[in-house]
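Single-structure report; data block below.
The values are calculated or read from the model by the stated rules, or taken from the named source; none is laboratory data. Values in this document were obtained by computation on a predicted structure and should not be read as measured data. Cβ coordinates were reconstructed from backbone atoms using ideal geometry, including for glycine residues, and neighbour counts include every protein chain displayed. Quick note on the areas: whole protein, heavy atoms, side chains included, nothing else; ligands and nucleic acids left out. Shrake-Rupley method; radii C 1.70, N 1.55, O 1.52, S 1.80 Å.
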Amino acid sequence: MGSAEVDKHTPPSGDGAGKDVLTGLSNGMDRHKSKDKDHHSHKHKHKDKDREKCKDKNREKHKDKHKDKHKDKHKEKSKDKEKKHDKEDRKHGREERKQSKEDKKLDKEEKRKEKGKMKDKAEKASCVEVKNEPMSEDDDTPLASHSFSQTSQDSEDDDQPLSFRKKVKIEVKAEKPVKRKAEDMAVDDEDDYVASKKKNKKVEEKKEKVDKKQTNGASPTKRVKKEKKEEEETWKWWEEEKHEDGVKWKSLEHKGPVFAADYEPLPGNVKFKYNGKEMKLSTAAEEVGSFYAAMLDHDYVTKDVFNKNFFKDWRKFMTHSEKEIITDLKKCDFTHMLTYFKAKSEEKKNRTKEEKQQLKLENEETVKEYGWCIIDGHKQRIGNFKIEPPGLFRGRGDHPKMGMVKRRVMPEDVIINCSKGTAPKPPAGHKWKEVRHDNTVTWLASWTENVQGQVKYIMLNSASRLKGEKDWQKYEIARQLKDSVEKIRETYKEDWKSKEMKIRQRSVALYFIDKLALRAGNEKDEDQADTVGACSLRVEHISLHEQKNGKQCVVVFDFLGKDSIRYYNEVPVEKRVFKNLQIFMENKKPGDDLFDRLNTTIMNKHLNDLMEGLTAKVFRTFNASNTLQEQLDSLTDPNSSVTEKILAYNRANRAVAILCNHQRAVPKTFAKSMENLQKKIDTKREAIQEAEQSYKDLKKEAKKTGSAAAKIAAGKKEKQLEKLKEQLMKLEVQATDREENKEIALGTSKLNYLDPRISVAWCKKNGVPIEKIYNKTQRDKFQWAIDMAGPEFEF
DNA sequence: CGTGTCACTTAGTAGCCATGTG
DNA sequence: CACATGGCTACTAAGTGACACG
């Protein structure tokens, strides 16, 4: 992680903002962590007790987890590299945040008690007080000094800070024997299905072509025409009628997932040493130990949390006597194991062609057998048909669970979902955990992973109908937003003036979501990395500057978002927003929620009222696609070469990636490859000069002598020169492109945010082959768009 | 209503592999 | 032909958001 992570934490370049050295974190960060511990575990106990009431099964596990929590609490973190400063700071902030949340909680509880008595009074009072929340209109007086907190303190419930988010997740609970859905669903094999219970709200798209779809593309003529391979790949599902609401398929048949290969014990000559002495480990302990050994070169092993988690989990796999001996990870010597693994992978690389061929074939075989399913009569590719192999959990950022052992998944853990009567056979000697026939979901198989306790799914590939249709629908909603966004913007701007704190917070958060394409920011548990989005921003994540770099009312954002990617941005905002932020931050500690009366549920409920189907993430899609469209319109010169057009496209794409903060680690080989490219350019330049010279000479000579041969030679040279120039141009374009791209990932936006029809239309309009924009997988994923968008399509 | 569960999308990266180059 | 290099795919973590339940 190390270097990569550091890279990530540098501000994104290119949008003109954010070049500063990180400052934002300094505010109040030196605060102390401490005491929170007690509160914390207290909380846990409560929770757990409650839970035990309902589900006593998990008792043991929970106890176990308790211990974890305690131990993990004290992070000693001794030697730390400078680079980690800000991270450290964050951690402190977090500790404090926990603490302050605890405090708030207590506060609130007390209040609640009182409330009973004072209810009537409070109610009356609140009406008044709400109105009294300060919000200076246009005047310039800073509001920072106003005190609203007093009043709001005792005001009624709905203007109270939301209750505090804490909830320490259920640690991997034992599976409860779920069945329900499958059962109350009277599924009949062939083509009966239950209408969904969900209400629908969907985007009705044009679905005229009902005629075409006499049974699933079974029309023989069609088949014959397509013949050959990918007949199914050209299944134009987008011309067919949609399933009725909530139903995802009518028939589904597959072979079940592929399990990870069994563990192969190390050969006897590969030794593990403890405290300098060789030691033969039991198979289980060896397997888990080898996970660690294989990561010895990785940055993870320098992290305390990682080591601690690993060691603790590892011990669970040891025999009694091993446990007794191995008590300190530091005394473990895995180097021999690592050497062995390295040698093995080297060996792998050096395999002969035949061996490789053989392997490839075998691979193809399993894909053929397990990589496809038949859904509604069509063969479709499965996205991930292999079950995740065991290993060490690699959480991103400061993940409290990094290093924990991810257990091997057995058939007994796996739930199969398919049509009745088509269940795949479990591997010999095993049974499935369950077979269900739920056609309201899209997954083929699922299991619960032990580290985070989340369900993992086997689903279809993105080229499939199931995924494609959803994707299409996503963009349709985004386009709808385009139509109403102006009104929505007016509304939230109006709301900045609202008397009600809650509404002002909501409107400011929405402004961020819209303007900056921030994510919604759901609440997170304490046992996940500490990252935020719009609704979960904390005071410590922004700083306000009346004046910065010649701009007024600048808000500096500096926080870790999804995947612990840093978001840094300096944004000039409207005065009203600025003032509101000042108020929101008043009397709060750095670790407190900026929008304490807001969460994503509230936000999304509001959004849904504004437009059916609207949620926070739609803004990201909309803004991304809209930006692309605008950028393409303005950057594309219809008279330029294809190369230049592609550069323009990439630039537009890049603008979106910057908007969405899609970063990547600078490729390790970047500097070198850049150098090489530069060299090439230089050589090319020289070549051009030479060519120019000899061209001139030839021309002169031709003029002088008038000989036809000389003329021809000159003409040839001219052509050559042109060619060279073109090559140079290409190289230069490539260089710029690469430089501008070094820490920006274009793929994510291309794949998830940009309506493919925009790109398709652009290609068609500008005579750019679609292959220049989309590779094979991408073309597969976007078949629908490629097929239906003409050059005139506009987002 | 708060909380947990479930399903599904979005995300970055490791490492494989095709490809071009010297 | 060996090798570097960049592109792509597979992988899986980490989000969002709907809904059920007590």
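See the values below:
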item	result
Rounded to the nearest 10 Å², the accessible area of A:ARG685 at probe 1.4 Å	110
³J(HN,Hα) computed for each position of the range A:518-524 - Karplus, 6.51 cos²θ - 1.76 cosθ + 1.60, integer Hz, glycine/proline x	6, 6, 4, x, 5, 6, 10
Whole-number D in µm²/s for the range A:441-561 (Stokes-Einstein; Kirkwood sum over Cα pairs; 10 °C, 1.306 mPa s)	88
Translational D in µm²/s for the range A:700-742 (Stokes-Einstein at 4 °C, 1.567 mPa s, Kirkwood Rh from C-alpha pairs)	105
Spin-label proximity, A:ASP525 to the range A:381-403 - amide N less than 14 Å from point 7 Å beyond Cα toward beta carbon	A:400-402
Entries of A:LYS303/A:LYS588; A:LYS386/A:LYS406; A:LYS502/A:LYS617 with Cα pairs more than 25 Å apart	A:LYS303/A:LYS588
Solvent-accessible surface (1.4 angstrom probe) belonging to A:PHE578, in square angstrom, nearest 10	10
For the range A:752-767, 3J(HN,Hα) per residue [Karplus equation, 6.51 cos²θ - 1.76 cosθ + 1.60, θ = phi - 60°, Hz, x = Gly/Pro]	10, 10, 9, 4, x, 5, 5, 5, 4, 4, 4, 4, 5, 5, 9, x
Label point distance in nm, A:GLU546-A:LYS605, each placed 7 Å from Cα along Cα→Cβ	3.9
Distance in nm between pseudo-label sites at A:THR327 and A:LEU359 (7 Å out along the Cβ direction from Cα)	4.3
Selected from A:MET501, A:VAL555, A:TRP472, residue furthest toward positive end of dipole (the range A:399-557; charges at beta carbon)	A:TRP472
For A:ARG519, distant residues with modelled amide H under 5 Å away	A:ALA534
Ranking by accessible area, most exposed first, for A:ILE326, A:ILE503 with a 1.4 Å probe	A:ILE503, A:ILE326
Accessible area of the range A:673-776 divided out per residue, in Å², using a probe of 1.4 angstrom	59
Accessible area in square angstrom per residue, the range A:361-504, 1.4 angstrom probe	44
Separation between Cα centres of the range A:630-697 and the range A:480-549, rounded to whole Å	36
Within the range A:711-753, backbone nitrogen closer than 19 Å to the virtual label 7 Å beyond the Cα of A:GLU686 toward Cβ	A:721, A:724-729, A:731-732
Förster radius 45 Å - calculated FRET efficiency between A:GLN678 and A:SER484 (Cβ-Cβ, nearest 0.05)	0.40
Per residue value of the accessible surface for the range A:552-600 (all protein chains in place, 1.4 Å probe), Å²	25
Sequence-distant residues sharing a close amide H with A:GLN663 (under 5 Å, placed H)	A:ALA745
Neighbour net charge for A:THR669 - beta-carbon separation under 13 angstrom, K R +1, D E -1	+3
Contour excess over end-to-end distance, with Cα ends at A:LYS425 and A:ALA708 and 0.36 nm allotted per residue	93.8 nm
Solvent-accessible surface (1.4 angstrom probe) belonging to A:ASP609, in square angstrom, nearest 10	120
Extension reserve of the A:ASN775-A:THR319 stretch, reckoned as 0.36 nm per residue once the Cα distance is removed	159.1 nm
